[in-house]
Amino acid sequence: MIHVKKRSSPEIFFEPAMGVRWLFALCLFLCASKSMGQSASLENIRQHFIHYGRENLQEKLFVHTDKSFYLAGELIWFKIYDVDGSFHKPLELTKVAYVELLDQAQKPVAQAKISMQEGTGNGSFFLPVSLHSGNFTLRAYTNWMKNFNSSYFFEKRVTVVNTLRSPDPVQQTDSATYRAGFFPEGGDLVQGLQNRLALEILDTNGKGVEGCQGALLDQNGDTAVQFNSGRFGLGNFYFRPEANKTYHAVIKIGTDTIIQQELPRILEKGFVMNLVDAGSDSLKLTVETNSTVSDVTLLLLIHTRQVLDLTETLQLNKNKAIFFIDKKKLGEGISQLTIFNSARQPLCERLYFKKPGELHLRLETDQKVYALRHKVELGIQSENESGSPLASNLSMSVFLLDSLQSPEDVDILSYLWLQSDLKGHIESPAYYFRNSGKEVEETTDNLMMTHGWRRFRWEDVLSNERKVPEFIPEFEGHIVRGRILDNKNSSPADDITAYLSIPGEKSLFCAATSDQNGNLHFDVKDFFGSEEVIVQTNGWKDSSYHVNILSPFSEKNSGIGMPSLRLSKDQEGQLLERSINSQVQNAYLAAQINRFLNPIPDSSLFFGRPDRTYLLDDYVRFSSMEDVFREYVTEVLLKRERGKNHTRVALPGKGFFDEDPLVLVDGVPHFNPDSILALDPLKMRKLDVVKRKYFIGPAIAPGIISFISYKKDLSDIQLEPGALVVEYPGLQLQREFYSPSYNTEVRLHDRMPDFRNVLYWSPEIKTGSSGREQASFYTSDQAGRYAVMIQGITPDGKAGSQLIVFDVKN
C-alpha cells in the first residue's frame, strides 16, 4: 500500500492501481490545463486583431491626374477616389481631402482642401512660374488618415519643368552604383535549417537589374549556393547556413561590375517558414525550428487587409508543423500569413498575393486618325470578367504622347491592390495585372517576399493600450482647428468656448469648446474659397485668453525622396515647342482657363427662419440703437443691472430669458451690450430675432439677435478686443475644364490658336446600370499621337483602367 500524507490534512490511502490511475489523471489534467491556456492565449490574439480592426478603420485615397509631365504655368487636373482599406468600396466617411504638391525638400509648393461627395472629389493646381524644375510629390490624405503613419498617404511623382528659369544643378552620382538586398522568407535566417532567401538588385535610379549572377561564399571562399536575378532584379533561392560559418554574397552585374553584400544576421535558434503551391487550389505552409521544444502549439493567422480569413492551430511534431491552406478561403489581393506561439509572439511571417477580379473598361473611338480641330466620338463600356455591364464612377484624360510624356504605369487597380499595402517603390506595378503565366506568378511571389506588409505593427494590435485618435473624421465638412491659450503664461486653456465667424454674402458661424490640451474643432460646412475668418472668446467672461488657428495639413512626410530630374539634349526641341504653346494658351485664353464653378450658396443663416424680421427701412429711422429697440422691437428688452446694460429676448410664451442673447453683426458675435447699443442703426439693413433657446455646437444661446448691414464687410463695425482676424482658405473652388467646340465653319477657321496638349479631362463619368456612356471632344492645332486614359471603380469595389491611342495629323 502506498501511503501519501499531506501536511495539516487527514491521512489518505490508495490502492496501487488507484495510485497509477490518479497519476495518469493528474497528467491529463495538467496537459489539458496547458492546452486550454494555450488555446485561450491564441484566441486572445484573434480577439485583439478583430478589436484593432474595428477601432482602426483604414482609409485609402487614389488620385488620377490628367498626366504626369507639366510646364510651369500649366494646370494639374486631378480626381480623388476614397475607399475603405479592407474592401476597396467607395467610402463616404469624410467630406474633405487634403492634396499637396511637395518639392524635393518635402516642402509644400501648393495645397488644397477638396470637397468630397460619395467617395470622390476633384480639383486642380496652377503651377506658378516661380517653381524650379524638378520631380515633385503629389500626395493626398484625409483628416482621419493623419492618425496613422504618413507612408499610408497617397503619393505619386509629378515632373514640372520651368522653361523660363535656369535649371538647378544636378548633383552628380555614380551611375555604376548598385545595391542588393536579401530577405529571408519568414523573416529570419536560422542555422541548420533550409531557408529561402528572396533577392532584389537595383541600380542607382532604383530600377531592377535583370540577369545578374551571384553566389554565397563562406569565410574560406567556398561557394555555398549560386543564384541569379530575374524580372525587375528579383529572384529567390534556398540556402542552409551551417554553424560556425559566416557568409557573404558576391554578385556580377553586366560584364565588368562586381559587388559584395553582407547577408542578414543568422540566428543560432529560431523558426523558418516556407510557402509553396500544393496544387488543387491549395497552399502548403511548412514551419520548422531548430530549438529544443516539445508540445508547442502554433497559431496560423491569415488576414487580407485586416479582414480575418482563417486561423488554425497545430502542434509541432519533431520540430515541424505543416499547414494546408485552401486558396478559396483567402481574400483577393495581399494576404498576410503570421505564425504565433502560445506566448502571443509572432515567430515568422510572409505575404501571399491572389489576383483580384477587376473592372473591365472598353474604349472605342469612331476613327483611328483625325484631322486638326476634328470631333472625336468615344464610346465607353464597363463590365465584369464575364462581360456583364457594371455601373461605375470614372475619370478620363486625353493627352499628347511624346518623349516628355509617356503612358503612366500606375493606375487605380495596381495602386489599391499592391502599392498601398507594400513597403518601398514597386517598379512597373501594372505588370502584375496586365500579364499572366508562370513568370508573372514567380515575380509576384518574389515581390511579396522583398517588400513586406506596412499597414500595422503586431505590437500595436496585441497591446492592451487603446489610443484616442487625435484627428477625427470630417463627416459633414471642413474642421477648422485651433488652440486656445492663456494670455498670462501661454498654457493651454481647458473648457473655454470660442466662436468662429466668416462674414460675407453667406456668413458662417460656429462654436467650439476647448479640450484639456486647449484644442478647438470648429465644424464649418460649405466653406469654399479664401475668406477672412474671425475667432474670439466671450470677452465679458473669458477676456484673458487668445486663440491660434492651426494648419490642417500634415507636417509629417514619408521620407521617400524623388530622384533628380534629368532631361536629355534630344528633348530640348519639344520643351521649346511646349513652352511657346503654353505661353500662347495663357496669353489668349486666360479667362477660359481660369473659369470657376461656384457652388450654389445657401442664403439662409445658420439658425434658419427667424421668429421675427425687421427691415429697418420700413420703420422710422432713429439715430440710436436704443431708440430702435425701445420703439418697435418688442421682442427685445433693454435693462440695466448693477450699473451695466443688458439685453433680453422674449420667451416663446410670456416673459424674457434671464441671460443675454447671442448678438451677431453680419455673422460676427458681439458680447458687450454697450457695443451693440453703440451701433449706428442707419448702417443696418435688417434685424432678425430668434425667440428660442438655440444650441450652436457646445454653446447655448438664450435667443439670438442678428443684424445685417448694407455693406456686409465689417468696414464700419468695430470688432471686440482680442478678436483674431486671419485669411483662411476653405474648400477649393472648382475650375471648369476648357474644351473648345469647332462645330461651325466660323469656329473651325477661327484664327485663335489652340495649342492644347490635354484635349479632354472629365472627373465625373458615370456609366449607370447599362455600363455604357459616351464622350466627345475636339482635337487641337497640335498633330501627334494622343492617349485616352480612363480609370475608376464600381460601388462594390472593383477597380479598373484602360488606355488606347489615336493619331492627329495635319
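The values are calculated or read from the model by the stated rules, or taken from the named source; none is laboratory data. Note that the coordinates shown come from a computational prediction; the quantities given were computed from them, not determined experimentally. With ideal geometry, Cβ positions are generated from the backbone for all residues, glycine too; neighbour counts draw on all protein chains shown. SASA here: full protein model, heavy atoms, side chains in, ligands and nucleic acids out. Shrake-Rupley method; radii C 1.70, N 1.55, O 1.52, S 1.80 Å.
By a straight-distance test (C-alpha under 16 Å), which aspartates and glutamates pair with K654 as possible cross-link partners, with residues fewer than eight away in the same chain excluded?
Cα-Cα hits under 16 Å: D611, E635.
Could you name the lysines in cross-link range of K644, using Cα to Cα under 20 Å and dropping any fewer than eight places away on the same chain?
Of all the lysines, those that pass the test against K644 - Cα under 20 Å, at least 8 places apart if same chain - are K541.
Can you find, among G235, L300, T257, the residue farthest towards the positive end of the dipole of region 210-307? Put +1 on the C-beta of Lys and Arg, -1 on that of Asp and Glu.
L300
How far, in nm, would the chain grow between N594 and K328 when pulled straight, counting 0.36 nm per residue and subtracting the alpha carbon separation?
Details: separation 266, 0.36 × 266 = 95.76 nm, distance 5.22 nm.
Contour length minus the Cα-Cα distance gives 90.5 nm.
Can you send over the carbon and sulfur percentage of the accessible area for region 636-784, probe radius 1.4 Å, protein chains only? Walk me through the intermediate numbers first.
On the way: 3750 of 7400 Å².
C and S fraction of accessible area: 51 percent.
So what does the Cα-only Debye profile of region 126-246 read at q = 0.12, 0.13, 0.17, 0.23 Å⁻¹, as log10 I(q)/I(0), no solvent term?
Debye curve over Cα of region 126-246, log10 I(q)/I(0) at q = 0.12, 0.13, 0.17, 0.23 Å⁻¹: -0.74, -0.81, -1.00, -1.25.
Compute the relative contact order of region 440-581 as a whole-number percentage, counting only Cα pairs closer than 8 Å that sit 6 or more residues apart in sequence. Intermediate results must be reported in sequence, preceding the final value.
Values: 164 pairs, mean separation 32.5, N = 142.
Normalised by residue count, the contact order of region 440-581 is 23 percent.
In terms of Cα to Cα distance under 23 Å, which lysines are near enough to K809, apart from those fewer than 8 places away along the same chain?
Correct list for K809: K67, K368, K375.
Per residue Cα convex hull volume for the chain, in cubic angstrom?
Values: hull volume 238.8 nm³, N = 810.
Once divided by residue count, the hull of the chain is 295 Å³.
Give me the percent relative contact order of region 382-432, please, defined on Cα pairs under 8 angstrom at least 6 residues apart. Spell out each step's value before the answer.
Numbers: 24 pairs, mean separation 12.9, N = 51.
Here the relative contact order equals 25 percent.
Can you list the chymotrypsin sites (Phe, Trp or Tyr not before Pro) in region 540-584 that are in a DSSP coil and have 12 or fewer other beta carbons within 10 angstrom?
Numbers: sites: W540, Y545, F553; in loops: W540, F553.
Here the sparse-neighbourhood loop sites are W540.
With θ taken as phi - 60° and the coefficients 6.51, -1.76 and 1.60, list the Karplus ³J(HN,Hα) couplings across region 408-424 in order, rounded to whole Hz; mark glycine and proline as x.
So the J values, rounded to whole Hz, are 6, 9, 10, 9, 5, 5, 5, 5, 5, 8, 10, 4, 5, 10, 10, 7, x.
Counting heavy atoms of the protein chains only and a 1.4 Å probe, report the per residue accessible area for region 286-332 as a whole number of Å².
Averaged over the residues of region 286-332, the accessible area is 47 Å².
Per residue, how many Å² of accessible area does region 450-561 show with a 1.4 Å probe?
On the way: 5550 Å² over 112 residues.
I get 50 Å² per residue for this part.
Quick one: pull the percent of accessible area on region 280-416 belonging to carbon and sulfur, 1.4 Å probe, ligands and nucleic acids left out.
The value for region 280-416 is 47 percent carbon and sulfur by accessible area.
Exactly which trypsin sites (Lys or Arg not before Pro) in region 742-810 are in a DSSP loop and have at most 15 other Cβ atoms within 10 Å?
Values: sites: R747, R751, R756, K766, R772, R785, K798, K809; in loops: R751, R756, K798.
Answer by residue number: R751.
Which entries in the list K113/K207; K113/K766; K245/K327 go over 28 Å, if you measure between the two C-alpha atoms of each? Let's see the in-between values first.
Numbers: K113/K207 34 Å; K113/K766 24 Å; K245/K327 39 Å.
The pairs that break the limit, which is 28 Å between Cα atoms, are K113/K207; K245/K327.
For region 139-240, what % of the accessible area comes from carbon and sulfur atoms, probe 1.4 Å? Present the calculation step by step, with values, prior to reporting the outcome.
Values: 1840 of 4530 Å².
On region 139-240, the fraction of accessible area on carbon and sulfur atoms equals 41 percent.
Would you mind telling me the antiparallel percentage of the DSSP bridges in the chain, rounded to 5? Spell out each step's value before the answer.
Details: 198 of 211 bridges.
Antiparallel bridges: around 95 percent, rounded to the nearest 5.
Write down, largest first, the equivalent ellipsoid semi-axes of region 744-785 in whole Å, where each equals the square root of 5 times an eigenvalue of the alpha-carbon gyration tensor. Can you show the working numbers first?
On the way: eigenvalues 160, 35, 15 Å².
The answer is 28, 13, 9 Å, longest axis first.
Given contacts defined as C-alpha pairs under 8 Å and at least six residues apart, what's the relative contact order of the chain, whole-number percent?
Numbers: 1772 pairs, mean separation 122.9, N = 810.
Rounded, it is 15 percent for the chain.
Rounded to the nearest 10 Å², what accessible area does K686 have for a 1.4 Å probe in the complete protein model?
Looks like 50 Å² after rounding.
From zero outward in steps of 5 Å, how is the percent of C-alpha pairs of region 189-285 spread across the bins?
Distribution as computed: 3, 12, 20, 21, 17, 14, 9, 4, 1, 0 percent.
List the GluC sites (Glu not before Pro) in region 73-166 that DSSP assigns to loop (not H, G, I, E or B) and whose Cβ has at most 11 other Cβ atoms within 10 Å. Which are they? Mind showing how you got there, number by number?
On the way: sites: E74, E92, E100, E118, E155; in loops: E74, E92, E118.
Filter output for region 73-166: E118.
Charges only on Cβ, +1 for Lys and Arg, -1 for Asp and Glu: so what's the dipole of region 525-591 about the Cα centre, in debye to the nearest 20? If you can, show how the numbers build up before the last one.
Working: 6 positive and 8 negative charges, 40 e Å.
My answer is approximately 200 debye.
Using only Cα atoms, locate the centre of region 647-669 and the centre of region 353-412, then give the distance between them in Å, rounded to an integer.
Taking the Cα centre of each part, region 647-669 and region 353-412 sit 60 Å apart.
Hey, if you put +1 on the Cβ of every Lys and Arg and -1 on every Asp and Glu Cβ in the chain, which of V398, P469, G643 ends up farthest toward the positive end of that dipole?
P469
Evaluate the Kirkwood expression for the hydrodynamic radius of region 243-381, namely the inverse of the mean inverse distance over all pairs of different C-alpha atoms, and round to one decimal in Å. Present the calculation step by step, with values, prior to reporting the outcome.
Working: mean 1/r = 0.0509 Å⁻¹.
Taking every pair of different Cα atoms in region 243-381, averaging 1/r and inverting gives 19.7 Å.
Positive end of the charge dipole of the chain (Lys, Arg +1 and Asp, Glu -1 on Cβ, about the Cα centre): tell me which of L615, F755, Y52 has its Cα farthest that way.
Of the candidates, Y52 comes out farthest on the positive side.
Before I look further, what does region 689-808 give for accessible area per residue, probe 1.4 Å, in whole square angstrom?
Working: 5550 Å² over 120 residues.
Result: 46 Å² per residue.
Nearest 500 deg cm²/dmol is fine: what mean residue ellipticity at 222 nm does the chain get from its DSSP H runs of n ≥ 4 alone, each adding -39,500 (n - 2.57), divided by its residue count?
Roughly -4000 deg cm²/dmol at 222 nm, from the helical runs in the chain.
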